[in-house]
Amino acid sequence: MFAAIVVVGTVVLPPLFHLLMAFAIAWTLHEFFAMSIGKGGFPAERILAILSAELLYAFLVLYKTGIITQFSLIAVPFIPVFLLMIIPIWHKDHSNHGKLAYIFAGLGYIGLPLSLVPVLQYHSGEQDGWLILGLLLTIWVSDVGAYFIGTALGQKPNSIKLAPAISPKKSIWGLIGAVIFGIGAAIAFHYLGVFDWPVWHCVAIGALASLGGLLGDLVESMWKRYFGVKDSGNLIPGHGGLYDRLDSAIIALPIITVYLAAAGLLL
């Protein structure tokens, strides 16, 4: 169901995709805060962090579509961040204030990357749903490659493990599988007309999507191991939480955005 909404929303109904992204930002942050802080701590600060990410996403959509023309208004999404920094001053109990770091970590690590999606979706000033869909599918295809190649070859005794202290099952074979599948998907999207960049840029995008996706997976594994949880939530029966599904994209999409901007491929 989630995948179907992504496909329809990105290509046919952008407002539906925006609603989905607004929900994804809020719920993924909620799952991260529940995992790191617990279900009841710092409610006002959580709301402000989510509000800041949502406002940034909304601003970028409105700015990239020309509804808002003053870029200086980007300051508005950061007002909740300012409040987030000063509200704890009036807390009666300061013993748990160390956990506030997780609020800022979640905002920077999850809220900011997901809020930047409109930079890709409206890179030319007009809706390009096929581009964002192609990038998401490239990331997810690389995940599939990592799983199947890693499962088939990564259990050999001499397999090099990528991060055994965090995720003992992830091996160099999974990385190789991710890169092969990711590059293959990006090249396929090039010839299908989804990615209109030179093919060597598509190879780079496929590799970056794979490496960023695997890094995102490892970062989430690190958090879950540290906090002693198996899944980030139970929103998707049998698949854990929404954070579990978006962990790869959270790291991969910003890396791809920086590459495209540096290469002059974002208008």
**Study point:** Some residue of segment 15-33 being surrounded by 14 or more Cβ atoms within 10 Å (Cβ to Cβ), among the hydroxyl-bearing types (Ser, Thr, Tyr) and at pLDDT 90 or above
**Key:** yes
Point to revise | Residue check for Ser221: touching a Leu at 6+ places or on another chain (Cβ under 9 Å), at negative phi, hydroxyl-bearing (Ser, Thr, Tyr) and surrounded by 15 or more Cβ atoms within 10 Å (Cβ to Cβ) | key: no
Practice item. Check segment 51-67 and report whether any residue there is surrounded by 15 or more Cβ atoms within 10 Å (Cβ to Cβ), at pLDDT 85 or above, of a type in the set (S, T, N, Q) and in contact with a Ser or Thr (Cβ under 8 Å, 6 or more places away or on another chain). Key: no
Point to revise | When residues of segment 100-143 are limited to those that are over 20 Å from Pro15 (Cα atoms) and of a type in the set (S, T, N, Q), the one surrounded by the fewest Cβ atoms within 10 Å (Cβ to Cβ) | key: Thr138
Review point. Would a scan of segment 128-148 turn up a residue that is within 22 Å of Thr257 (Cβ to Cβ) and assigned to a loop (DSSP other than H, G, I, E, B)?
Key: yes
Review point. Pick from segment 152-167 the residues that are out of contact with any Pro (no Cβ under 9 Å at 6 or more places or on another chain) and part of a strand (DSSP E or B): which of them is nearest to Met222 (Cα to Cα)?
Key: Ser167
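The values are calculated or read from the model by the stated rules, or taken from the named source; none is laboratory data. For clarity, every value in this text was computed on a predicted model and none was experimentally measured. Here Cβ is always computed from backbone atoms with ideal geometry, including for glycine, and neighbour counts include all displayed protein chains.
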